[in-house]
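Asks: Before I ask anything, let me first share the structure, which is written out below as structure tokens.
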Amino acid sequence: MIHTQRPRVLIVLAHFDETRNPRGRPDFIPQGTGHLFLAGAFARDCVDIRAYSEFHDGPLVDETAFAELDMLVLTGVTAAFDRMRHLTAYARTKSPRCVVVAGGPAVRNLPVSSAATFDYACQGDIEDMQAIIRDVFGEWAAAETILPRFDLANWGGPVMYVETSRYCNFKCSFCALTAEGRRYQGYDPAYIEAQVRNAPRKKYVLFIDNNFYGNSKDAFLAKLDLIRSLWREGLFEGWFALVTGDFFRDFSNLEAVRAAGCLGLFSGVETLNEAQLKRYQKKQNLVVPQLQAIQTSLKAGVAFQYGLMFDPSSQTLQAMHEELAFITSESTMPLPAFLSLTIPLLGTPLFDECVSENRFLPSAKLRDMDGFTLMTRPLDALDEVSAFARRLSRLDGQRLRILRHCVGFYRTYRHSLSGRQMAHLLANSLRLAVPSVMHHHRLPMRSRNEDNLTYVTTTQPLGPLYTPAFRVGESFRSYFTPTMITDASGTLDETIAMNLEARKGVSRHAGRTRSVANARTAEGGQPASASESAARAQD
Ligand code: B12
Ligand code: SF4
């Protein structure tokens, strides 16, 4: 057959910015790569693909982007589910026959709502995309091997993103991966190498695995052999990776990564409080005292970055302030790369705990599961805790302490860290102290909407994205109502409960759930069948 018109495909990493910043965050590291991996499932040059990251470039509200689409593919974090629904409404309004495919954590945890909304509500991994492409367009439109399409991203910045594994072998009680229950999988070295060689040349590689260290020392060392040889070949100047706490049990791991070109590691410290770590089931952070792990890494010449989490429903304000005061006065550890509230993400043990202890606030919304908005009843007064949350992400009000910390940190590690490592860590501290200077007014953008935020899910305004950016079909209006976690009395929403119940029955490796008839008939439209779409794509 001769193709007269190539199918038009739009792939979107759907995202709600917690501060309602409308411009995206192109300078932020890490960027999400799901949309680029999904683009890699299509055969090159046979399909007209646009890959768009709302995190990088801001909300996609341009009406023309949704016109004459054959397929819309959606990915994103759990909180982005409503945004996926908005984009679906836009595509179906402008391109009534467009096939909508969605996957990722939100779809996995909301199988019923997803099946009712999308044509393909995928439970599986990116490889499922190949089967859907074959189904909708035909064999010719699917790539044989998926390599991320960074050429479609046109990103600036010095970092290329590579994945060496998928999922995690730990089960922290708050983690989305614990809810999803997939097995940790290391990639074949040949696939890792192909990702590096295929990506546009950048100074640094960031391995964005959840757990770069993994559960097999042999596989880890083999991976390092490969990375060392690629580094020596001059493909990049150095690399960074995300490791779990058990990595620091063996000092030789630090020597091994350094010898392979590693400049820095990120690890989820979460808290320095042992009782809190136990509550989170974060056992791997208890095998080596955390402060010691941090100091050993920095002394060994490997920069260390970490995130901190605070859970006002199990920690008092005093305890949280004390932890922050300790960290900002401890010059042997860097300041955190990010700070957030602990999120009871859908389907996690923490979520179940919050439901059974009636901890969710009234009128809690899925959209607010962003680590920025308070979702659960705090131990202290709500207004005091919301003020804490407001200041948290930038350590507002601590400028002097931060600057003093920078001086102390510099003195402690000026001999073990290189100039570039030191600059990188101090820049992070300064970002917390003086964000507007560090980001040239670009990041984090303080939007006008941000001043209206309450930081409490019950009253947090939904933001402008819940009003359609252009006229959508009457039957799609409901796509702009927020997905609720609790009702006004704080009781778990029935639809959420039904989804989470159904999720237990969805076989983990069942692959996609076809839902064409459900979704489209509910909207009163006609499903665009696989053969119809293929017929349009081919002549
Ligand atoms: C880059 C990144 C971000 C980016 C972009 C995330 C995005 N996708 O939109 C930013 C900076 C925005 C971000 C923010 C946050 N993140 Co983040 N982030 C990551 C990171 C490091 C990489 C994501 C990625 O690109 N992976 C590569 C792609 C290919 O895989 P994937 O997205 O995991 O998708 C897999 C499946 O879900 C599935 N899939 C996904 N979509 C689709 C679609 C289809 C059609 C199909 C078939 C399959 C499919 O296929 C993939 C496996 O093959 C991951 C850790 C990790 N290594 O995955 C954490 C991770 C996704 N983030 C996480 C968290 C907790 C957060 C925050 C809540 C942190 C916080 N406390 O502030 C915030 C959310 C803020 C908000 N406003 O909602 C969690 C999970 C979050 C969740 N489920 O909601 C993760 C898994 C880290 C962890 N282990 O805890 N994050
Ligand atoms: S170690 Fe990290 S990725 Fe693994 S379960 Fe815990 S939080 Fe999730």
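Okay, residues lined up against (1) basic (Lys, Arg); (2) farther than 30 Å from Ser313 by Cα; (3) modelled with pLDDT of 95 or more:
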{"position": "Thr412", "(1), (2), (3)": "no, yes, yes"}
{"position": "Leu417", "(1), (2), (3)": "no, yes, yes"}
{"position": "Asn428", "(1), (2), (3)": "no, no, no"}
{"position": "His439", "(1), (2), (3)": "no, yes, no"}
{"position": "Leu443", "(1), (2), (3)": "no, no, no"}
{"position": "Asp451", "(1), (2), (3)": "no, no, no"}
{"position": "Pro464", "(1), (2), (3)": "no, no, yes"}
{"position": "Val472", "(1), (2), (3)": "no, yes, yes"}
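Asks: Hey, does segment 295-304 have a residue that's away from ligand 1 (no atom under 15 Å from the Cβ), of a type outside the set (Val, Ile, Thr) and more than 28 Å from Val159 (Cα to Cα)? Spell out how you get there, then give the answer.
Replies: Quick first cut of segment 295-304, residues away from ligand 1 (no atom under 15 Å from the Cβ) only: 295-304.
Remaining after also requiring of a type outside the set (Val, Ile, Thr): 295, 297-301, 303-304.
When the remaining residues are screened for being more than 28 Å from Val159 (Cα to Cα), the result is none.
No, segment 295-304 has no match at all.
Asks: Can I ask one more? Would segment 36-51 turn up any residue that is closer than 15 Å to Gly157 by Cα, of a type outside the set (A, V, I, L, M, F, W, C) and modelled with pLDDT of 95 or more?
Replies: Filtering segment 36-51 for residues closer than 15 Å to Gly157 by Cα gives none.
No - not one qualifying residue is present in segment 36-51.
Asks: Okay, next question. Among the listed residues Leu350, Leu277, Leu345, identify the single one that is within 16 Å of ligand 2 (Cβ to nearest atom), free of Cβ contacts under 8 Å to residues at least 40 places away in the same chain and within 24 Å of Glu180 (Cα to Cα).
Replies: Sole residue among the options that is within 16 Å of ligand 2 (Cβ to nearest atom), free of Cβ contacts under 8 Å to residues at least 40 places away in the same chain and within 24 Å of Glu180 (Cα to Cα): Leu277.
Asks: Taking the residues in segment 248-272 that are over 25 Å from the mean Cα position of the chain (by Cα) and not in a helix (DSSP H, G or I) as candidates, determine which candidate is surrounded by the fewest Cβ atoms within 10 Å (Cβ to Cβ).
Replies: Asp250
Asks: Okay, next question. Looking only at segment 273-285, count every residue that is within 16 Å of ligand 1 (Cβ to nearest atom) and open to solvent by 60 Å² or more (accessible area, probe 1.4 Å) and tell me the total. Give the steps one after another, and end with the answer.
Replies: First, pick out the residues of segment 273-285 that are within 16 Å of ligand 1 (Cβ to nearest atom): 276-277, 280-285.
Cutting the leftovers down to open to solvent by 60 Å² or more (accessible area, probe 1.4 Å) gives us 281, 283.
Residues meeting the conditions: 2.
Asks: Does segment 259-268 include one or more residues that are farther than 30 Å from Thr328 by Cα and either within 16 Å of ligand 1 (Cβ to nearest atom) or hydrophobic (A, V, I, L, M, F, W, C) (or both)?
Replies: Going through segment 259-268, the residues farther than 30 Å from Thr328 by Cα turn out to be 259-260.
Adding the requirement that they be either within 16 Å of ligand 1 (Cβ to nearest atom) or hydrophobic (A, V, I, L, M, F, W, C) (or both) leaves 259-260.
Scanning segment 259-268 turns up at least one residue that is farther than 30 Å from Thr328 by Cα and either within 16 Å of ligand 1 (Cβ to nearest atom) or hydrophobic (A, V, I, L, M, F, W, C) (or both).
Asks: Could I ask something else about it? Of everything in segment 280-302 that's in contact with a Ser or Thr (Cβ under 6 Å, 6 or more places away or on another chain) and within 16 Å of ligand 2 (Cβ to nearest atom), which residue is nearest to Phe248 (Cα to Cα)?
Replies: Among those that are in contact with a Ser or Thr (Cβ under 6 Å, 6 or more places away or on another chain) and within 16 Å of ligand 2 (Cβ to nearest atom), it is Gln284.
Asks: Only residues that are under 17 Å from the mean Cα position of the chain (by Cα) and under 28 Å from Arg471 (Cα atoms): list them for segment 30-50, please. Reasoning before the result, please.
Replies: Of all residues in segment 30-50, those under 17 Å from the mean Cα position of the chain (by Cα) come to 30-38.
Matches in segment 30-50: His35 only.
Asks: Filter segment 378-416 down to residues that are within 25 Å of the chain's Cα centre (by Cα) and part of a loop (DSSP other than H, G, I, E, B), then give me how many there are.
Replies: 4
Let's see how each residue does on (1) in contact with a helix residue (DSSP H, G or I) (Cβ under 6 Å, 6 or more places away or on another chain); (2) within 13 Å of ligand 1 (Cβ to nearest atom); (3) open to solvent by less than 60 Å² (accessible area, probe 1.4 Å):
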position: Arg6; (1), (2), (3): no, no, no
position: Ile11; (1), (2), (3): yes, yes, yes
position: Thr19; (1), (2), (3): yes, yes, yes
position: Pro26; (1), (2), (3): yes, yes, yes
position: Arg50; (1), (2), (3): no, no, no
position: His56; (1), (2), (3): no, yes, yes
position: Ala65; (1), (2), (3): no, no, yes
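Asks: How many residues are touching a helix residue (DSSP H, G or I) at 6+ places or on another chain (Cβ under 8 Å), in contact (Cβ under 8 Å) with a residue 40 or more places away in the chain and more than 11 Å from ligand 2 (Cβ to nearest atom) when one looks only at segment 162-197?
Replies: 4
Asks: Any idea how many residues of segment 250-307 are of a type in the set (A, V, I, L, M) and out of contact with any strand residue (DSSP E or B) (no Cβ under 9 Å at 6 or more places or on another chain)?
Replies: Start the filter on segment 250-307 by keeping residues that are of a type in the set (A, V, I, L, M), which leaves 254, 256-257, 259-260, 263, 265, 269, 272, 275, 277, 286-288, 291, 293-294, 298, 300, 302-303.
Next, from what is left, pick out any that are out of contact with any strand residue (DSSP E or B) (no Cβ under 9 Å at 6 or more places or on another chain): 259, 275, 286-288, 291, 300.
The total comes to 7.
Asks: Being assigned to a helix (DSSP H, G or I) and aromatic (Phe, Trp, Tyr): is that true of Phe240 here? I'd like the intermediate steps shown before the answer.
Replies: Details: assigned to a helix (DSSP H, G or I): no; aromatic (Phe, Trp, Tyr): yes.
No: the conditions fail for Phe240.
Asks: Which residues, taken from segment 304-318, are open to solvent by 10 Å² or more (accessible area, probe 1.4 Å) and over 17 Å from Asp383 (Cα atoms)?
Replies: Scanning segment 304-318 gives Gln305, Met309.
Asks: Are there helices (runs of 4 or more DSSP H) fully within segment 115-206 with at least 3 residues that are within 12 Å of ligand 1 (Cβ to nearest atom), under 18 Å from the mean Cα position of the chain (by Cα) and closer than 21 Å to Gly32 by Cβ? List them.
Replies: Hits in segment 115-206: 176-180.
Asks: Return yes when Val112 is in a helix (DSSP H, G or I) and open to solvent by 10 Å² or more (accessible area, probe 1.4 Å) and no when it is not. Write out each step before concluding.
Replies: On the way: in a helix (DSSP H, G or I): yes; open to solvent by 10 Å² or more (accessible area, probe 1.4 Å): yes.
The answer is yes for Val112.
The values are calculated or read from the model by the stated rules, or taken from the named source; none is laboratory data. These numbers were taken from a predicted model, which means no experiment stands behind them. Backbone-built Cβ (ideal geometry, glycine too); neighbour counts: all protein chains shown. Heavy atoms of the whole protein, side chains included, go into the accessibility calculation; ligands, DNA and RNA do not. Shrake-Rupley method; radii C 1.70, N 1.55, O 1.52, S 1.80 Å.
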